[in-house]
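Computed from the coordinates by the stated procedures, all read-outs in this text should not be read as laboratory data. The structure displayed is predicted, hence computed values, not measured ones. Every residue, glycine as well, gets a Cβ built from its backbone with ideal geometry; the counts of neighbours run over all protein chains shown.
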């Protein structure tokens with residue numbers, strides 16, 4: 001294992017700060033996002049808040065030549081949806097807002113699903129199941145566990161509920177760079193893959209589809225959609241492997257578990 005993926009105590013402290021700030025962004029977004037607005041309006045509000053209120057940087061902007069501060073993935077968009085000013089969120093929609101934030105050289109990454117006044121019960125079930133599946137993966141994190149343990153817990157939970165897990169995209173190590181080792185698959189077999197050690201930081205971000213797990217890329221080179229045009233949902237947190245378990249660095253106040261160790 002490349003030891004540079006193990007963070008020092010000082011680096012962990014800086015990552016905690018970055019994670020706390022990103023949680024604040026979502027608290028702001030909770031009061032702002034609503035049906036009728038465009039995803040570009042959401043992007044502009046988030047960028048303004050990060051830069052002027054938090055004195056931080058939206059880490060996605062400029063990464064891989066991406067021009068926006070977040071990804072906004074609506075309905076059948078699996079991930080990497082591009083904010084735009086021509087589609088207004090509808091009462092029946094679901095949308096994932098995926099935001100990265102850099103402060104003092106360290107990056108945090110988190111995403112959240114939003115539903116609206118006429119979102120169907122079937123869509124809400126997908127959203128909730130995906131959230132619970134993410135937490136199943138988080139609960140599996142501890143020293144001595146493996147990446148396969150995380151993927152297995154997520155896959156079993158999602159598939160038991162009748163859904164499928166996207167294969168092509170995964171979680172990732174994170175720190176000074178947005179994408180570091182290791183890759184964190186959301187499917188797998190227990191007791192396989194990299195063994196977790198204290199000081200590792202990575203994202204868990206399952207993408208769960210209502211129908212088939214198959215996806216395709218749109219011509220813009222970014223947007224990934226379900227091949228069968230059914231709904232997809234995603235949630236994400238940045239986590240730290242502690243000496244005894246896991247700490248969720250991007251935890252929000254509306255979530256009841258802040259530390260699981």
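Within the P(r) computed for the range 156-261, what percentage of the Cα pairs occupies the region above 17 Å?
Tail of P(r) above 17 Å: 62 percent of Cα pairs.
At what distance in angstrom do the alpha carbon centres of the range 111-131 and the range 185-261 lie from each other?
17
In what sequence, highest mean first, do 145-157, 105-117, 189-201 appear when ranked by Cβ atoms within 10 angstrom?
Ranked from most to least packed, the peptides come out as 145-157, 105-117, 189-201.
Using the Kirkwood formula over every pair of different C-alpha atoms, what hydrodynamic radius in Å results for the range 197-256?
14.0
Which residue, 158, 123, 233, has the most motion in a Gaussian network model of the chain that connects Cα atoms within less than 10 Å?
123
With a/c under 1.5 counting as rounded, go ahead and sort the range 15-72 into rounded, prolate or oblate using the C-alpha gyration tensor (a ≥ b ≥ c being the square roots of the eigenvalues; past the cut-off, prolate if a/b is larger than b/c, else oblate).
oblate
Please find, in a Gaussian network model of the chain (springs between Cα atoms separated by less than 10 Å), the residue of 51, 160, 226 whose mean-square fluctuation is greatest.
160
Could you give the nm distance between label points at residue 53 and residue 13, where each point is 7 Å from its Cα heading toward the beta carbon?
2.7
Expressed in nm to one decimal, what extension gain is obtained for the pair residue 6 and residue 65 from 0.36 nm per residue of sequence separation less their Cα-Cα distance?
Using 0.36 nm per residue and subtracting the Cα-Cα distance, I get 18.4 nm.
When the helix-only estimate is applied to the chain (DSSP H runs of n ≥ 4, each -39,500 (n - 2.57), divided by the residue count), what is the mean residue ellipticity at 222 nm, nearest 500 deg cm²/dmol?
-8500 deg cm²/dmol
For the chain, just the Cα atoms, rotate onto the principal axes and tell me the three extents in Å, largest first.
Largest to smallest, the principal-axis extents are 46, 44, 36 Å.
Springs between alpha-carbon atoms under 10 Å, Gaussian network over the chain: tell me which of 121, 161, 140 tops the mean-square fluctuations.
Between 121, 161, 140, it is 121 that shows the largest mean-square fluctuation.
Need the full-extension length gain, residue 161 to residue 219, defined as separation in residues times 0.36 nm minus the C-alpha distance. One decimal, nm.
Computed gain between residue 161 and residue 219 is 17.7 nm.
Tell me the relative contact order for the chain as a rounded percent, counting alpha carbon contacts under 8 Å between residues six or more apart.
Computed value for the chain: 22 percent relative contact order.
Determine the distance separating the Cα centre of the range 1-64 from the Cα centre of the range 153-168; give it in Å without decimals.
27
Stretch residue 244-residue 31 to full length: gain in nm at 0.36 nm per residue minus the Cα-Cα span?
This chain segment gains 73.1 nm when fully extended.
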